[in-house]
Amino acid sequence: MDSPKRDAGSSSAPPGAGGADRREESGSTRGSQESQESPEGDAREARKERVLHTRVPAVLERELKRFADNLRIPVSNLVRTILEDALSVADAATENVEERLRRAAEHLEKEREKLKKRMEHDPLSGIVAFQEVTLAVPAACVKCARTMPSGSRAHLGIGDGSEGRVFVCESCGPRG
């Protein structure tokens, strides 16, 4: 039970239903050859409109024809306009959604940074006083992590004893 071979030119579709497809396909092949030969062919190919066949329910066909008759335009122009409008609305909606998502992501990032700052351990928690000192050995500032060489002025944090030695540089030290 071999299936019969179909001739490339034959079709089981009603006359006129698929002929345009074949003509379009063969025309596009010819157009491709032309466009390879000359720059004019490229411009012609870009301007050439394409035929798009689709199946629609009978009710939709009647509505489209009625609407086109009321507007006194061909059904193909109506369908083209509806498709173009639908695509531009979809593009606009996509842009709006993208913008809203971008703003939401920025807001989340800011809130995350605020929360992160609140959650960070304050290196000066537990410090009750500062004493200005001259360093005998190099030390790092607990707030800005800047290395302070020996002989530089710093502030020693005095606390409840739970933390080790805490030094802060002049710029991070207490104001008073």
Exercise for review: Give me the Kirkwood hydrodynamic radius of segment 126-176, using the inverse of the mean 1/r over all pairs of distinct Cα atoms, in Å to one decimal.
Suggested key: 10.9
Review point. Exactly which trypsin sites (Lys or Arg not before Pro) in segment 61-139 are in a DSSP loop and have at most 13 other Cβ atoms within 10 Å?
Key: R72
Practice item. Kindly identify segment 58-111 as rounded, prolate or oblate by the Cα gyration tensor criterion: order the square roots of the eigenvalues as a ≥ b ≥ c, call it rounded if a/c is under 1.5, otherwise compare a/b with b/c, prolate if a/b is larger, else oblate. Key: prolate
Exercise for review: Report the full-extension gain for the segment F67 to D42: residue separation times 0.36 nm, less the Cα-Cα distance, to one decimal in nm.
Suggested key: 5.4 nm
Review point. What length, rounded to one decimal in nm, is gained on full extension from V137 through to S171, with 0.36 nm per residue of separation minus their alpha-carbon distance?
Key: 10.4 nm
Exercise for review: Name the long-range amide H neighbours of G159: under 5 Å, sequence gap of 5 or more, or other chain; modelled H, no Pro or chain starts.
Suggested key: V128
Check your understanding: Any idea how far apart V59 and E109 come out in nm if each label point goes 7 Å out from Cα toward Cβ?
Key -> 4.9
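Where a number appears in this text, it was derived from the coordinates with a stated rule and is not lab data. Computed from a predicted structure; not experimentally measured. Cβ atoms come from the backbone with ideal geometry, glycine included; neighbour counts cover every protein chain shown.
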